[in-house]
Amino acid sequence: MSNQGRIVVYPGSFDPVTNGHLDIIHRARHIFDHVIVAVTQNSAKNSLFTVQERVDLLSAALKKEIRSRSVSVDTFSGLLVDYCRRRRAVAVARGLRALSDFEYEFQMALMNRHLAPKLETVFLMPDEKYTYLSSTLLKEIVRLGGDVGRFVPAALVPKIRQKLAGRG
C-alpha cells in the first residue's frame, strides 16, 4: 500500500455498517487516493457482531471499491495515531451527523493532533438522509420489529435480524 498516494483511515466500530458509513467512505474516496476502513477491536464495547463479522460485512458492502483498490478493510486496536503511522495515512476521516457529534469528535481530533502533529482529521458530512442514522438506533429499530432495509445494505438485514434474535 506504500504506492497508493494519500491514504485516509476511517475508523469505527461499524456494528453494524450503515448506509451512512458507506456514504462517508464514498465521500472520502473523492478526496483521497485510498481509504482504509479500520474496524476497532474494543473489548469494552458490547458489540452485536464480532470483529471478523464486521470486517466481512464491510468487505461485502464494499466489494467493488476493494476490487478497484480504492478501499481496504482492516482491524486495529490501540491508539489510532499509531495505526495511522503504520499505514502511512495522512489523515483520519470522521463523519459528523449533527452538532451533538462535534464536541466528542473535536476533542479526539485535538488529542490526535497532539499525539501526531502531521496527522490531519477531516470531518465529512453524510447525505442529509443519513444525519439521524446511527448503528445504535438501527439496532433498536430491529429489536422493536421495524424495517431497516433503507438504512443498511440489503444483504445485511437478515444477518442483523438473526443476530438480534440470538440465532447468529
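The numbers here are math on the coordinates, done by the rules we state, and not lab data. Note that the coordinates shown come from a computational prediction; the quantities given were computed from them, not determined experimentally. Heads up, the Cβs are rebuilt from the backbone with ideal geometry, glycines too, and the neighbour counts pull from every protein chain shown.
Here are the numbers for this structure:
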read-out: Amide proton proximity set for Ala93, modelled H, under 5 Å, gap of 5+; value: Val9, Tyr10, Val122
read-out: Inter-label distance for Gln162 and Ser68, nm, one decimal - labels placed 7 Å from Cα along Cα-to-Cβ; value: 2.9
read-out: Angle in degrees between helix 19-29 and the longest Cα principal axis of the chain, rounded to the nearest 10; value: 20
read-out: Cα gyration tensor, the stretch 18-88 - rounded (a/c under 1.5), prolate or oblate; value: oblate
read-out: Set of lysines near Lys45 by C-alpha distance (under 23 Å), chain-local residues within fewer than 8 positions excluded; value: Lys139, Lys159, Lys163
read-out: Dipole of the stretch 1-69 [Lys/Arg +1, Asp/Glu -1 at C-beta], most positive-end residue of Ile25, Val51, Gly12; value: Ile25
